[in-house]
1. Considering only Gly403, Leu196, Leu36, whose Cα is most displaced toward the positive end of the charge dipole of the chain, charges sitting on Cβ of Lys, Arg (+1) and Asp, Glu (-1)?
2. Between Glu423 and Asn161, what length comes free when the chain is fully extended (0.36 nm per residue of separation minus the Cα-Cα distance, one decimal in nm)?
3. Taking a virtual spin label 7 Å from the Cα of Glu22 along the C-beta vector, which residues in the stretch 49-77 bring their backbone nitrogen under 16 Å of it?
4. Run the simple label-point estimate for Glu335 and Ser70 please: 7 Å along Cα→C-beta, distance reported in nm.
5. Using the basic label-point model (7 angstrom from Cα toward the beta carbon), what is the Val87 to Glu235 distance in nanometres?
6. Can you list the HN-Hα couplings for the stretch 303-315, worked out from phi with the Karplus curve (6.51, -1.76, 1.60; θ = phi - 60°), rounded to whole Hz and with x for Gly and Pro?
7. List the longest stretch of the chain that has no exposed loop site; here a site is one of the GluC sites (Glu not before Pro) assigned by DSSP to anything other than H, G, I, E or B, with at most 12 other Cβ within 10 Å.
8. Can you give me the long-range amide H partners of Gly354? Hydrogens built in the peptide plane at 1.01 Å from N, cutoff under 5 Å, separation of 5 or more residues or another chain.
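Rule-based calculations on the coordinates, nothing more; no lab input. Just so we're clear, the structure is a prediction, and the values are computed from it rather than from any experiment. Virtual Cβ from ideal backbone geometry, glycine too; neighbours counted across all protein chains shown.
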Amino acid sequence: MEETLFYKWDGGIDPGFPEVVEAHDAYLVTADGDRLVDAAAGAAVANLGHSVSGVGEVAAEQLSEVAYISTSHFAHEAPERLTDRLVEITPDGLSAAFLVGSGSEANETAFKLARAYHHATGNPEKHAIVGRWQSYHGATLGALSASGNTGRRALYAPQLNEWPHIPPAYPYRWPYGGSAEEQAIAAAGELETTILQVGPENVAAFVAEPVSGASIPAAHPDPAYYREVRRICDEYDVLFIADEVMTGFGRTGEPFAIERYGVVPDMMSLGKGITAGYAPLAATMVSEEIARAFDADEGASFGHGHTFSANPVSSAVACHVLERYGPDVFETGRERGQELAAELETLVDHPMVGDFRRAGAMIGIEFVADRETKTPFDPSLSVGRQVYEEAMDRGAYTYPGSGSVDGHRGDHLMLAPPLTIDEAAVETVGRAVRGAVEAVYRELEGVRADGGRDTP
């Protein structure tokens, strides 16, 4: 059969990838018969594993009753029930939801809402969204404009909004002195500096992942950071958007990562774990104040929507999945994260590991050529990718990344298994990653011994 050109995408569907023919619990089975532990839950999506019971029946029943409606003209109980549930489980103060199809759409919605809200409340010049470098908020142009992942931004730079960015919440590489709290406050102060430089009258919102995702996996600051962010946003009438697309629904130990810090954002974008991978759906949660600004009685409206926003099938599946989350699942996720960290304890002092960080069931391992100076490897070595491939050969699918230092340099590996992963699978992941790191380290040592390239 002739290959279709558009079937092959960089980072997407590739005919050369292993073909998965079965998925159950925390395991993926390929057409070649390999049984892999899904140590990344896909892309930190399958929080409940691949065997949640009853999903097929719920989807089939909804498909047989009402598969689609235009939410511009009709209502349905499934998205209404889902919205009620989301308001119930998200932090107090978030009182409404806008349902969309993906995390990128959820962030786009938040950015447009920020602009529309300020326009409706008498601040029509406020438009800019402040983001952070080494962040990722989605693939669409608005979401990419707020993102600080330079590798993903580069090709599309001429099409992006020129929104400002501040340094990331990245304690391992912070230049600030003092205690952890003092460093956090200094880092958050970069937001105030930027708002003043751009002009408070021009800044609509600040967006951040409460715990960094795939660009700097599991990096998280002292709680003082977000307390200071909340203070700054309040002082300058800037909305705070917490991007919980990857970190929501128990990934970092709490139901939502922002709860680690004791602050409530003005908006929260959700995705991935909201259906645990069983259907495409995401949401933008908003505060009562923002929702009230678009009350029909106030004369303002939010002209925004997508064809599949709040579709009944995905909404019904999400309702079913959300009932499976609870204190026991979150506790299991925390325990499995601790167990996985214990399995990988020897890597904390490994010559190739600069930083080992964990938040709940998310682990980030940053690789360096020199631990003392924190010098990253030459990007051409693709160290993170090498570790990923070695781990795959040993039975564990992980999530590699690069560019954590400055968008170009910096290799890392993210582990984000299902919260429900069993102990045997945790042990398999531990062995695979330990073995992979050591194998790559020995290979790199061999290259140096032969007089090959070492570091930049």
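1. Final value for the positive-end residue is Leu196.
2. 89.7 nm
3. Correct set: 50-52.
4. For the pair Glu335/Ser70, the computed spacing is 5.1 nm.
5. Distance between the two pseudo-spin positions: 3.4 nm.
6. Values per residue, Gly and Pro as x: x, 7, x, 10, 3, 9, 4, 6, 5, x, 5, 4, 5 Hz.
7. The answer is 163-322.
8. Amide H neighbours of Gly354, under 5 Å, 5+ apart: Glu366, Phe367, Val368.
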